[in-house]
Amino acid sequence: MRALWCVSRVMNTLCNRQVGRKPRLSCGLCGTASDSKFQMDFGLLFDIDGVLVRGKTPIPAAKKAFQKLVNAQGQFLVPVVFVTNAGNCLRQTKADQLSQILGVPISQDQVMMSHSPLRMFKKYHDKCVLVSGQGPVLDIAKNLGFSRPVTIDMLREAFPLLDMVDHNRRPNMPTSSAVNLPKVEAVILFGEPIRWETNLQLIVDILLTNGNLGGAHNNLRYPHIPLLACNMDLMWMAEAQSPRFGHGTFLVCLENIYKKITGKELKYEALMGKPSELTYHYAEYLIRTLAAERKWRKPIKTLYAIGDNLMTDIYGANLYNRYLEERSSRKGSKTLAKVAASTGVSTTTTVSQDEEVDNGWESELASPSATACKSILVCTGVYNPHTDVPADASECIKETVFHGHRDFQFDPALVEPGHIVPDVDAAVELIFQQEKSVIQ
């Protein structure tokens, strides 16, 4: 992919100088994690695909890196949360996979799937919601708090004449609806489905019938019923040499089909998963929760976000850092950087200290203690530092293709990583160097 190569050249030079040093944790960290003398005031956010694994294949540097983050009893010496845009399994399943890959015990409380923030959307929990994706989608939905989820397969069974693209799956003769399903009141997209044509057809049907598949399309009904999407990755890195389509590609298809049919823009009630600020706000909340459970009294001041994708991991970390900086700069008047769940782009509002402002996510999760979120890019996934680049730096910026979601603005500063390192082990070593005054 074409990313900001001119930025990358500079950062690669910096990386080569930094990774040449091999800082180590002070032996004092071998004490128990609850010893206040060794409590850290920083937390780590790890992407998974392209950072720790490629498909089902572990990246060799991952296990080495995590041996440095735990004591002899396998307890983490610093709060760690895994922030993935995957959404096809339960948190406990992902935690078990990570424990096996990394050789250290991981709890589900350390895992944040792209759909984890849906726990906060309580106004939809008692509604009939259509869920789309792979894996145990009903179990995932119920685990998140949704009491009345229905699946694409349930819609196909109830309305067998609607899925007509695959000739081999068409019913042999007209059938009547055998299942009585309630009206769908919202649509939740967990991740890319297996049969894109089926999901695209039935989701568009739901949007154009206001949730009632027994009725005809009505293009005049706008806006459509609420649509919440998780995981905006256009591509992701598995074992293949080149990135593979992600859920972001499915969203591009859905958005363009809806607009082609109706002439109107598809609207999202919420977009979550990286690079949404909401996702990083929730991850920071999990970091604080972990620290509190271990009775670490030092507030978490710095987050380090390690990822392989400029357009999601780096963009998201830098966007959240901008939000934290805006919060820290409040003086005299109260400047509030609101988390825009639907776009991920901060909107800053200045009000007097006497005015009461409702910032939904801060009130739900409590205000963050962190004042900075630093991005670190690894070269083991989507990002490829060896791809040919234009000789002219200005042309490099001009020709950059933005792989982020339609509703996010392209800002070159947001896709500039704080550091570029070869792999996750080098990232951990770099963090030790950055925090050497704390860990010695």
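Rank these residues by their accessible area, most exposed first, probe 1.4 Å: CYS230, CYS379.
Descending order: CYS379, CYS230.
What do you reckon, how do TRP296, TRP196 stack up by accessible area (1.4 Å probe), largest on top?
TRP196, TRP296
Can you give the FRET efficiency to the nearest 0.05 for VAL401 and ARG244, using r as the Cβ-Cβ distance and R₀ = 22 Å?
The calculated FRET efficiency here is 0.80.
For the residue pair GLU325 and ARG195, what label-to-label distance in nm results when each label sits 7 Å from Cα along the Cα-to-beta-carbon direction?
Result for the modelled spin labels: 4.9 nm.
Which links in LYS123/LYS267; LYS142/LYS183; LYS63/LYS436; LYS63/LYS274; LYS127/LYS183 stretch past 20 Å when you go from one Cα to the other?
LYS63/LYS436; LYS63/LYS274, as the Cα separations exceed 20 Å there.
Within the stretch 263-292, name every residue whose backbone N is under 19 Å away from a label modeled 7 Å from Cα of GLN75 along the Cβ vector.
Correct set: 287-292.
Per 0.36 nm of contour for each residue apart, how much would the distance between GLN92 and HIS386 grow if the chain were fully extended, relative to their Cα-Cα spacing?
Roughly 102.2 nm would be gained on extension.
Give me the net charge of PRO223's neighbourhood, meaning all other residues with Cβ under 10 Å from the Cβ of PRO223; Lys, Arg count +1, Asp, Glu -1.
That sum, taken over residues with Cβ under 10 Å, equals +1.
Between ALA158 and SER107, what length comes free when the chain is fully extended (0.36 nm per residue of separation minus the Cα-Cα distance, one decimal in nm)?
This chain segment gains 14.5 nm when fully extended.
Return the loop-located trypsin sites (Lys or Arg not before Pro) in the stretch 200-300 (DSSP other than H, G, I, E, B) with at most 10 other Cβ atoms within 10 Å of their own Cβ; answer none if there are none.
Here the trypsin sites (Lys or Arg not before Pro) that fit, given the DSSP loop and packing criteria, are LYS295, ARG297.
The values are calculated or read from the model by the stated rules, or taken from the named source; none is laboratory data. This is a predicted model, so every value here is computed, not measured. Positions of Cβ are generated from backbone atoms using ideal geometry, with glycine treated the same way; all protein chains shown enter the neighbour counts. Accessible surface areas use protein heavy atoms only, side chains included; no ligands, DNA or RNA. Shrake-Rupley method; radii C 1.70, N 1.55, O 1.52, S 1.80 Å.
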